[in-house]
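As structure tokens, the structure follows; a few thoughts come after it.
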Amino acid sequence: MSAPDLLTPDELGGIAISDPNAPTEGSDAGGSDDLDEAYAVGVIENLRGEALRQFALAQEALARGDDEAEFLAQRALSCAVRGFWWAEERPEEESLHELLHEIGRWKRQNMGCELHYDEQRGYLQNCLVAAAHRRMGFSIGFVGKRICSLCDQDLSECPHLNSRSYWVRGGSSPDQPCRVCMRDQCEHRSDHLYRARVVSVVKPRKVREVSLVSRPANPECRILAISVSFSELEESLGDLFAPGIIVNCDVCLGECPGFAEIDLGPHPNFA
């Protein structure tokens, strides 16, 4: 029987360092695809769960006439939209899509929704439901370092590979998050070894450029507000429009508007 068959992982998947068959700390633990997938699923499910929790609290608050209802509804919508961005092109996408519409419609019907008006910038549509349907975001080019989460060294020089996992101790310290889950507080133990993925901890020194892309590396790096010109509002509202009036946002009342895709076109060097 090989050593891995004798291991006795705990409920968190850890191996006691004292186990005679424990792997060597820092050694290769195989590919990281399963950990990457588990991380994405965890983020999506956490955001979905928080969206549902906040939505239920908002409904309860509205029923008892609590002014906090709108704040709770906005938090619920934010979690649903963020979860949807993480779930793009995944099996969980459609259920988050339906949830964000449900929360947005309920909020609009019970609390209203308006375009934001600023004398300097004019009208802005900062509706999260509308933002969720813009399949585009930002990619940031910068000068700086990418630090390895496992050894705190420059990721371009350390021995750890993004495609691999490694056996590392769990637990956090006052100045260091847990290397397994990157949280300040968790249940991972310092006397256990766990398979951990490599996380690039970005420490930028200077931002060089920001590009508009169809799928940002960070799913939440999105366009949250767009300007609405006076001419658009005049065309829609006619003589009723005057700069500064309250303009309702009705995106959530109708059918799904569909998705706005960005057309980047061919790269100039390959046209």
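The values are calculated or read from the model by the stated rules, or taken from the named source; none is laboratory data. Nothing here was measured: the structure is a model prediction, and the numbers come from that model. Neighbour counts are summed over all protein chains in view; Cβ atoms, including those assigned to glycine, are modelled from backbone coordinates with ideal geometry.
Evaluated against (1) touching a helix residue (DSSP H, G or I) at 6+ places or on another chain (Cβ under 8 Å); (2) at pLDDT 95 or above, residue 21 falls short on exactly one condition, (2).
Taking the stretch 221-244 as the range and being surrounded by 13 or more Cβ atoms within 10 Å (Cβ to Cβ) and part of a loop (DSSP other than H, G, I, E, B) as the test, the residues that pass are 221, 223, 224, 225, 241. Among the residues making up the stretch 167-194, a single one is in contact with a Ser or Thr (Cβ under 7 Å, 6 or more places away or on another chain) and aromatic (Phe, Trp, Tyr): 167.
Per-residue answers, yes or no, for (1) farther than 23 Å from residue 40 by Cα; (2) among the β-branched types (Val, Ile, Thr); (3) not in a loop (DSSP other than H, G, I, E, B):
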position: 143; (1), (2), (3): yes, yes, yes
position: 150; (1), (2), (3): no, no, no
position: 156; (1), (2), (3): yes, no, no
position: 159; (1), (2), (3): yes, no, no
position: 168; (1), (2), (3): no, yes, yes
position: 181; (1), (2), (3): no, no, no
position: 185; (1), (2), (3): no, no, no
position: 195; (1), (2), (3): no, no, yes
position: 204; (1), (2), (3): yes, no, yes
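Here residue 199 meets the list (1) within 23 Å of residue 153 (Cα to Cα); (2) loosely packed, with under 14 Cβ neighbours inside 10 Å almost entirely, failing just condition (2).
Just one of the listed residues (62, 72, 77, 52) is in contact with a Lys or Arg (Cβ under 9 Å, 6 or more places away or on another chain) and not polar (S, T, N, Q), and it is 77.
For the stretch 245-271, which positions are exposed (fewer than 10 other Cβ atoms within 10 Å of the Cβ) and either at pLDDT 90 or above or not acidic (Asp, Glu) (or both)? Spell out the reasoning first.
Going residue by residue through the stretch 245-271, those that are exposed (fewer than 10 other Cβ atoms within 10 Å of the Cβ) are 246, 254-255, 258, 263, 265-271.
Result: 246, 254, 258, 265, 266, 267, 268, 269, 270, 271.
The set of residues from the stretch 61-88 being free of Cβ contacts under 8 Å to residues at least 12 places away in the same chain and of a type in the set (Asp, Glu) comprises 66, 67, 68.
Among the criteria (1) within 30 Å of residue 31 (Cα to Cα); (2) crowded, with 19+ Cβ neighbours inside 10 Å, the one residue 80 does not fulfil is (1). Could you tell me whether residue 123 is in the same structural domain as residue 226 (by TED's automatic domain parsing), aromatic (Phe, Trp, Tyr), more than 22 Å from the chain's Cα centre (by Cα) and at negative phi? In short, yes.
If the condition is being out of contact with any Phe, Trp or Tyr (no Cβ under 7 Å at 6 or more places or on another chain) and touching a residue at least 12 places away in the same chain (Cβ under 8 Å), then the stretch 153-166 contributes 155, 161, 162, 163, 164, 165, 166.
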